[in-house]
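K.L.:
I'd like to ask you about the structure that follows.
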Amino acid sequence: MSVKESSFLEGGPNLQLLAAMTILTVSCSWAQNKQPTARAIEILADHDSRYKIEGQKQPIVTVRAGERITLRITAKKAKNLNRDGSVHGFTLLRAKDRKPVPDWDFLLKPGIQEFTAAAPSEPGEYLVVCTVICSQDHEGMSMRFVVLP
Ligand SMILES: [Cu+2]
């Protein structure tokens, strides 16, 4: 009886520690799985009908194939706006045939909006174009978008 008691007392704290470590490990990996990271890219769709990225003279978005991206776009009204209040658009086209990329067609209201999407799985050159006739310079409102393998 006294032998049983003493082995229980010795084993007790170790078992508790093991249980605590197991719970910690499981909850950490669970939290990581629950929130897949999406890299944020800040873009300005400006009042002069141009896309701009801070620190870049010629704006270009570079992503990895299939990477999850959060676009944080600030839109400022140019001359005209759509009936629904959109001041610019943000549509992704494959450069070689200007084929629209599914799920990459956004309308921008004045202010800051966030869109999360997976980058195209096919590496290559893409083009972001505006879909709102925002001013007489609208035709020039585009930006390179490169998908790396
Ligand atoms: Cu535009």
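K.L.:
Would you call Gln58 modelled with pLDDT of 95 or more and not aliphatic (A, V, I, L, M)?
P.N.:
When the stated conditions are applied, Gln58 passes them.
K.L.:
Here's another thing I want to ask about it. Please determine, by comparing only the residues of the stretch 135-149 that are in a loop (DSSP other than H, G, I, E, B) and closer than 14 Å to Lys52 by Cβ, which one is farthest from the ligand (Cβ to nearest atom).
P.N.:
Of everything passing the filter in the stretch 135-149, Asp137 is farthest from the ligand (Cβ to nearest atom).
K.L.:
Restricting the search to the stretch 87-135, which residues are touching a Cys at 6+ places or on another chain (Cβ under 9 Å) and over 22 Å from Ala38 (Cα atoms)?
P.N.:
Val87, His88 - these are the residues of the stretch 87-135 that are touching a Cys at 6+ places or on another chain (Cβ under 9 Å) and over 22 Å from Ala38 (Cα atoms).
K.L.:
Related question: When you check Asp105 against the structure, is it within 10 Å of the ligand (Cβ to nearest atom) and modelled with pLDDT of 95 or more, yes or no?
P.N.:
Judged against the criteria, Asp105 is not a match.
K.L.:
So, one more: Kindly establish whether Leu107 is part of a strand (DSSP E or B), without any contact (Cβ under 8 Å) to a residue 60 or more places away in the chain, surrounded by fewer than 19 Cβ atoms within 10 Å (Cβ to Cβ) and of a type in the set (A, V, I, L, M, F, W, C).
P.N.:
Against the criterion (part of a strand (DSSP E or B), without any contact (Cβ under 8 Å) to a residue 60 or more places away in the chain, surrounded by fewer than 19 Cβ atoms within 10 Å (Cβ to Cβ) and of a type in the set (A, V, I, L, M, F, W, C)), Leu107 qualifies.
K.L.:
Looking at the stretch 79-92, is at least one residue out of contact with any strand residue (DSSP E or B) (no Cβ under 7 Å at 6 or more places or on another chain), of a type in the set (Lys, Arg) and within 17 Å of Arg50 (Cα to Cα)?
P.N.:
Yes, because at least one residue in the stretch 79-92 is out of contact with any strand residue (DSSP E or B) (no Cβ under 7 Å at 6 or more places or on another chain), of a type in the set (Lys, Arg) and within 17 Å of Arg50 (Cα to Cα).
K.L.:
Do we find that Lys34 is at pLDDT below 95 and charged (D, E, K, R) in this structure?
P.N.:
Answer is yes for this residue.
K.L.:
Arg72 versus (1) touching a strand residue (DSSP E or B) at 6+ places or on another chain (Cβ under 6 Å); (2) within 20 Å of Asp137 (Cβ to Cβ); (3) not hydrophobic (A, V, I, L, M, F, W, C): which is the lone unmet condition?
P.N.:
For Arg72, the exception is condition (2).
Yes/no per residue for (1) near the ligand (Cβ under 10 Å from one of its atoms); (2) surrounded by 14 or more Cβ atoms within 10 Å (Cβ to Cβ); (3) of a type outside the set (Gly, Ala, Ser):
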{"position": "Lys57", "(1), (2), (3)": "no, no, yes"}
{"position": "Ile60", "(1), (2), (3)": "no, no, yes"}
{"position": "Thr70", "(1), (2), (3)": "no, yes, yes"}
{"position": "Leu81", "(1), (2), (3)": "yes, yes, yes"}
{"position": "Leu93", "(1), (2), (3)": "no, yes, yes"}
{"position": "Glu122", "(1), (2), (3)": "no, no, yes"}
{"position": "Ile133", "(1), (2), (3)": "yes, yes, yes"}
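The values are calculated or read from the model by the stated rules, or taken from the named source; none is laboratory data. Just so it is clear, the model here is predicted, and its values are computed rather than measured. All Cβ positions, even for glycine, are placed from backbone atoms using ideal geometry, and neighbour counts span all protein chains on display.
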